[in-house]
1. Which order, highest average first, do 23-31, 41-49, 7-15 follow once you tally other Cβ atoms within 10 Å for each residue and take the mean per peptide?
2. Using label points projected 7 Å from each Cα along Cα→Cβ, tell me how many nm separate Val76 and Ala158, to one decimal.
3. Can you bin segment 116-193 into rounded, prolate or oblate? Criterion: square roots of the alpha carbon gyration tensor eigenvalues sorted a ≥ b ≥ c, rounded for a/c under 1.5, prolate for a/b above b/c, oblate for the rest.
4. Hey, can you rank 144-151, 127-134 by average C-beta count inside 10 Å, highest first?
5. Given R₀ = 22 Å, what would the calculated FRET efficiency be for Arg173 paired with Phe104, taking r from the Cβ atoms and rounding to 0.05?
Amino acid sequence: MHLDLLAIVTAFGLIFLAELPDKTMFASLAMGTRMRPLYVWFGTSSAFIVHVAIAVGAGGLIGLLPDWVVRLVSAVLFAFGAFMLLRGSGDDEENEEIKTVTGFWPVYSTAFMAVFISEWGDLTQITTANLAASNGAWSTAIGSAAALMSVSALALLAGRFIAKRVPLKTVQRIGGVCMLGLAIWSVVEIFTG
């Protein structure tokens, strides 16, 4: 096993920048307002590691999945996330405390599945596969996984920071609208992608 520091840094930089504006970052931010951020991070990080392993190991095979199926499943998951965040956000419930999902396994599995399904065939997964082919599997895997996990942590920290300064109900409404937007975006990508 040969590790190339330049290949690690290259993979980290490219994947970090590609993932920053990605829908998964916004999904992590939204989940972090409703669920325990550390548990969300474990779930998203595990899914990212699996995707990096698949990308490095299988490379071009990811392109065999029908793109529209991946986007449709992503849209359904984002729509479900929007429903969960927006339900019960009516004015008549203003005084009710919003319940947070706190159990490790429910949070972990929700975060894992949201990322695992929505990242199929994503730009970062394809980029990781291409980098692995030219820069070495292990170096690319380390750089890519570190970048993806860093973006998720950054989104969760931002979510926590926002949640401390803005009422949770407002954050959840904004998160729900963002998730709904991501669901619509995923459906639009089916027809334009």
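Read the figures in this text as sums done on the coordinates, not as results from a lab. Owing to the predicted nature of the structure, the values given are computational and were not obtained by experimental measurement. Here the Cβ is made from the backbone with ideal geometry for all residues, glycine too, and neighbour counts use every protein chain on show.
1. Ranking the peptides 23-31, 41-49, 7-15 by packing returns 23-31, 41-49, 7-15.
2. Placing both labels 7 Å along Cα→Cβ, they lie 2.9 nm apart.
3. The shape class here is oblate.
4. 144-151, 127-134
5. For Arg173 and Phe104, the calculated efficiency is 0.25.
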